[in-house]
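The values are calculated or read from the model by the stated rules, or taken from the named source; none is laboratory data. For clarity, every value in this text was computed on a predicted model and none was experimentally measured. Neighbour counts run over all protein chains shown; Cβ positions are idealised from the backbone, glycine included. What goes into the accessible areas is simple: the full protein's heavy atoms, side chains included, and nothing from ligands, DNA or RNA. Shrake-Rupley method; radii C 1.70, N 1.55, O 1.52, S 1.80 Å.
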2 protein chains.
Amino acid sequence: MLDVAVEEARKGLAEGGIPIGAALFTADGVLLGSGHNRRVQNDDPSVHGETDAFRNAGRQRDYRKTVMVTTLSPCWYCSGLVRQFNIGAVVIGEATTFSGGHEWLAENGVQVTLLDDQRCVTMMREFIAEHPELWNEDIGVAE
Amino acid sequence: MLDVAVEEARKGLAEGGIPIGAALFTADGVLLGSGHNRRVQNDDPSVHGETDAFRNAGRQRDYRKTVMVTTLSPCWYCSGLVRQFNIGAVVIGEATTFSGGHEWLAENGVQVTLLDDQRCVTMMREFIAEHPELWNEDIGVAE
């Protein structure tokens, strides 16, 4: 399932954007929707990888058995999304380059799986080194 | 400032949507952007009042001195938005019909002002009574 999110992150990178991708699946592994960060491409600060995947999955009546897969530890904004909609599980590519609210989600009953995927780590590490100002903007770190 | 958010909520109601509005201001009271819940209108589950206002305010480099004004206590999704981007203050129309993450925000250093605006209470109370299924969908309460 992580491959779908990684592919989304790579699409974002190719578009000149921040390389974070996500995908929402059913518990059986059926893809409901995938997406990637669109801050740069759409000039829209509200579209993180997870919120784009959530939007592309359309309106769902029950998220409890869905799985949000993301290349990077979800920030507070995206962690809040998971908690509010009772998304049952989150699979995270890595939390080395950034650590958001995944421990808070685990404390609140979300099944969290934290991987250490080197594709994800390398992609983010290189992006942050090349575009620190964009990255800081995306996580609300002021200069 | 709440009047701008209330006006947005009324616009949403007139469009057949969920009547929650929000607006982002500078500390000096300059409006950066306003918006309202668009779940029904755009068929988009990711657009809450606060996220719409945040989007419409465009890309900002520093949110610490901004004020998010919303007609209703922000859900976890929108509370996460406030925390991640270090929005300095939140003004809330009411938390009677729904209580989200505003206490968590206050614990984490956000200046929270909770009003008891009867326009907001009445609008939400009537909407929830008429459209309980839409309201539950919007806050992730499964049937």
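With all protein chains present and a 1.4 Å probe, how do A:M1, B:M68 order by accessible area, largest first? Please list the in-between numbers first.
Details: A:M1 100, B:M68 0 Å².
Accessible-area ranking of A:M1, B:M68, largest first: A:M1, B:M68.
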Practice task
Have a look at segment A:74-122 and report residues whose accessible surface goes down by 30 Å² or more when the remaining protein chains are included, against the chain on its own, probe 1.4 Å, ligands and DNA/RNA excluded.
Solution key: A:W76, A:Y77, A:R83, A:Q84, A:F85, A:W104
Completion exercise
Shape call for segment B:1-71, from the Cα gyration tensor axes a ≥ b ≥ c (a/c under 1.5 means rounded, otherwise prolate when a/b beats b/c, else oblate), comes out oblate
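Using the Kirkwood radius over C-alpha pairs as Rh, can you work out the diffusion coefficient of segment A:32-94 via Stokes-Einstein at 10 °C, viscosity 1.306 mPa s, in µm² per second?
The estimated diffusion coefficient comes to 135 µm²/s.
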Handout entry: Gaussian network model of chain B, Cα within-10 Å springs - most flexible of B:I87, B:I128, B:I20
Key = B:I128
Practice task
State, to one decimal in nm and shortest first, how far the label point of B:T113 sits from each corresponding label point in the other identical copies (label point: 7 angstrom along Cα-to-Cβ).
Solution key: 4.7
Practice task
Relative to the longest principal axis of the C-alpha atoms of chain A, give the angle of the C-alpha long axis of helix A:118-130, reported between 0 and 90° and rounded to the nearest 10°.
Solution key: 40
Exercise for the section: Shortest first and in nm with one decimal, please list how far the A:E7 label point sits from its counterparts in the other copies (point 7 Å along Cα→Cβ). Expected result: 4.6
Handout entry: Cβ-Cβ FRET estimate between B:A27 and B:A129, R0 fixed at 25 Å, reported to 0.05
Key = 0.10
Fill in the blank from the handout: Relative contact order as a percentage, segment A:18-143, C-alpha pairs under 8 Å and 6+ apart, gives 21
